[in-house]
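Trainee: Have a look at the structure that comes next, please.
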Amino acid sequence: MRQSITIFLVLFLLSLNTYGQQVSLGGKVFDRQKEPVAYASVALMDKDGKQLITGTISDGDGLFTIRGLAKGEYLLSVSFVGYKALKLPVSLQRDEQLECLLEDDAVALGEVTVEVNRSNTVKQSASGQTFMLSAISMKKKDVLQALQEIPTLIVDLDTRKITMNDGGKPLVLVNGVRREGGLSSVRPEDILSVDVAHTASAEFMREGYTSVVNIKTKKADRKYTSFNGGVNAHPTLLFGIADASLEIGNSESSLYLTAQSFAFLNNKSHMKEITSTENSLRNLSYRRNSHYNDTYVALGGDRIWSDADYSSFSVTFDYIPQRSKADGEDLLTDKGTDAVTPYQHWRELDDKLYVGSVNAYHKHRFANASVFDLLWQLSLSKNVNRVNQTEDNEQASYTYLYDFHNSRVGISLAPSFQFHWLGFDSKVGLDVNYQFNRIQEREEIASTFKHREWNQYLYLDINRKWGGFSLAASLGMDIIYRNVAGYSDHYYNLRPVLNLNHRFSAHHSLTLNFSRQSVAPGVVQLNPYNSSSDTLTVSTGNPYLKPYHISKCRLAYTFTGGGFYIEPSMSYRWIDDAIVSIGEDQGGYYMKSLANQGKSTLLSTGINARYSIKRLGYIGFSLNYNHLEFTDIDQKNDYFSGRFYGNLNVKKFGLNFVYGLPNRTYDMYVRNYSSPESNVTLSYDISNRWDVSVGMRFVGWKKHIERHTDMSGYSYYYDNRFTNRGNILMFGVRYKYQGSTKAKREQRKLQNSDKGFRVISE
């Protein structure tokens, strides 16, 4: 531990020095109104302007930096559509910062329409891709509607969830900062670009994120009030989602309040469970009616103190109640005598989850462009779960009562420092985290589970570009101390990440990603007490479980041009010491527990493609073939995954549709199946403030879930068919209001020419 801390301290001290004879050139691009010009092309040429040395583009604030330059004479060229090109002779003898003023192009500012391939602009780097939204998407009233355009994301408007094409859940940031209040307050017209990192850096992997989405927005130049809200629901089924966001602010500060509620208060299903042990067979059929609700509220804000200092805060609260009632028939068969005993089955569940958090963030930029930031988080949660189950007939009665309270306290302090070191853009950070979990069961059992964990996480990120090549690498290390039910333990984890990209031309690039992730066991998995409601099965956790490791290597080729975005890819994943179910027959029942015994490999090949239809929208698909092997038990599974989607717009009408293949997942001894995703929505823009929609979810079939478990001496089959979750007709309405005390200056008229994607090198 001392050696690791010493290494990071040395790196920190080295960052304060200047190395070699290389110099850097940076600056800011802006116009006559002092507005930054985002994504301007910056080219550095020889002094005669005949040969390109290197280049980059300005970021969302108009800033650019070119590093690793030899001292000498150069010509700097800065250009952006709608402005006259700027050419500046530059003599570099030391690090220089320039102010680049772009003059309006009189021709472009006339009645002539300026056409920009905005939606087809893709900036490729080692860590991922940067997308610019089309003019159509920027006019949407909801930010999630706009994000549907990104070909690597899956956006579900009905649940308001964002996932990656491979099914992973990304960390979503706004301007590099966590927007704990959600995205409802983000206005599509303010989005400059969307960064998508397919492989998250080591900084975020400790939290379980494998990818990152960063939405960059422009700064406000006025006082403003913004409201965005909508409802999408089926009134009869009591199914739908409602959200609202109110934000007030100016160029220096903002304050927002957001709320969101998802509900399915009349969810009906027919269910079947078949449990088989060496001595008994249990066949349970029942009907269930469940109620689910998730209400989320957040209050937050930010403040720009100066050009060097920025702060933000948020307070969030999430309340998730669930209730269900079930009744049916349970047939218990004695395999020795073939005697069948029927029971009446009745089960009632009442579950309430409360989650709250307080978050504070501050960033300071030094004169040498280094950045120090600090994140502090406090999280509190409480879960109350009650189960009352009865199995009875005229001869016997069995009652199962389960009542527990699970509380959690977590606190985290995470400082980091960004700097330029030996030609690399670097970041070193520390995340100190403490959490305490307590599970208190009912007094009759008198058992209490306690879990304490201290986590010190160190990481280093480095980034660099050489011509058409770019590199993004990071290394994180966990130092974990924990006490589980009186058992103390400690261990170390390494999380390496390597991303390489080579841009062959404006339309072709190749990316290689490698990552190794450590996944810690959950609190429920560690709990050694009985958590089963099956009369033939006793299920317990294991306090001695260790983290398991997931390694993944991905190779992807990207082609952009002629309206196409095409990305074939191949990935190979291997898992060591996965947490899997184990068990043995105990005569009258089967004892199930968990152990670090799973090893598997997954080979996936696939393609992700999208075509932009001129001034109309886009259609796309993703398709993957997967070959999964569990080496310990010689089990092999082959299956396809993918989806077809599209968004088409004609005048004020919009059509959004998606069809996904059935979802199949496999674990050691376990096979899961979920019915296909199929949704379609037709929308109409009534005005600049209002739009309405009508759509259908689960088109053509009803939601269906299956689970098969096959172990030595034990098998389990679960079948859930939702009786009213099929062909659900949804009605929606959304309202957006924006008011300001100072009107923004007139923007240039942009149109999407849709002549094809182009890749921009950094």
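The values are calculated or read from the model by the stated rules, or taken from the named source; none is laboratory data. These figures come from a predicted structure and were not determined experimentally. So basically every Cβ, Gly included, is an ideal-geometry build from the backbone, and we count neighbours across all protein chains shown.
Trainee: What about ARG118, is it touching a strand residue (DSSP E or B) at 6+ places or on another chain (Cβ under 7 Å) and at pLDDT 80 or above?
Mentor: No: the conditions fail for ARG118.
Every residue, every condition in (1) in contact (Cβ under 8 Å) with a residue 12 or more places away in the chain; (2) within 29 Å of ILE550 (Cα to Cα); (3) touching a Pro at 6+ places or on another chain (Cβ under 9 Å), yes or no:
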position: VAL143; (1), (2), (3): yes, no, yes
position: PRO151; (1), (2), (3): yes, yes, no
position: GLY168; (1), (2), (3): yes, yes, no
position: LEU192; (1), (2), (3): yes, no, no
position: GLY208; (1), (2), (3): yes, yes, no
position: VAL212; (1), (2), (3): yes, yes, yes
position: ILE215; (1), (2), (3): yes, yes, no
position: THR225; (1), (2), (3): yes, no, no
position: ASN228; (1), (2), (3): yes, no, no
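Trainee: Here's a follow-up. Any chance the stretch 483-491 includes a residue that's in contact (Cβ under 8 Å) with a residue 12 or more places away in the chain, more than 20 Å from ASN542 (Cα to Cα) and exposed (fewer than 15 other Cβ atoms within 10 Å of the Cβ)?
Mentor: no
Trainee: Can you pull out the residues in the stretch 560-603 that are surrounded by fewer than 17 Cβ atoms within 10 Å (Cβ to Cβ), closer than 18 Å to PHE504 by Cβ and over 24 Å from the mean Cα position of the chain (by Cα)?
Mentor: Matches in the stretch 560-603: GLY562, PHE564.
Trainee: Would you pick out the residues in the stretch 377-409 that are buried (at least 16 other Cβ atoms within 10 Å of the Cβ), of a type outside the set (D, E, K, R) and touching a Phe, Trp or Tyr at 6+ places or on another chain (Cβ under 7 Å)?
Mentor: Across the stretch 377-409, the qualifying residues are SER381, ASN385, VAL387, GLN389, THR390.
Trainee: Is it true that SER261 is part of a loop (DSSP other than H, G, I, E, B) and either in contact with a Pro (Cβ under 6 Å, 6 or more places away or on another chain) or surrounded by fewer than 20 Cβ atoms within 10 Å (Cβ to Cβ) (or both)?
Mentor: no
Trainee: I would also like to ask the following. Which members of the stretch 49-103 meet the condition of being of a type outside the set (A, V, I, L, M), modelled with pLDDT under 85 and more than 22 Å from PHE469 (Cα to Cα)?
Mentor: GLY49, LYS50, GLY60, ASP61, GLY62, SER79, PHE80, GLY82, TYR83, LYS84, GLU103
Trainee: Here's something else I'd like to know. Select from the stretch 682-732 the residues that are assigned to a strand (DSSP E or B) and of a type in the set (Val, Ile, Thr) and write down the one among them that is nearest to the chain's Cα centre (by Cα).
Mentor: ILE705
Trainee: Now for a separate question. Restricting the search to the stretch 187-244, which residues are touching a Leu at 6+ places or on another chain (Cβ under 6 Å) and of a type in the set (Lys, Arg)?
Mentor: Hits for the stretch 187-244 are LYS216, LYS218.
Trainee: Looking only at the stretch 535-554, how many residues end up being assigned to a loop (DSSP other than H, G, I, E, B) and out of contact with any Ser or Thr (no Cβ under 6 Å at 6 or more places or on another chain)?
Mentor: 6
Trainee: Among (1) at pLDDT 90 or above; (2) hydrophobic (A, V, I, L, M, F, W, C); (3) surrounded by fewer than 19 Cβ atoms within 10 Å (Cβ to Cβ), where does VAL428 come up short?
Mentor: (3) is the only condition that VAL428 fails.
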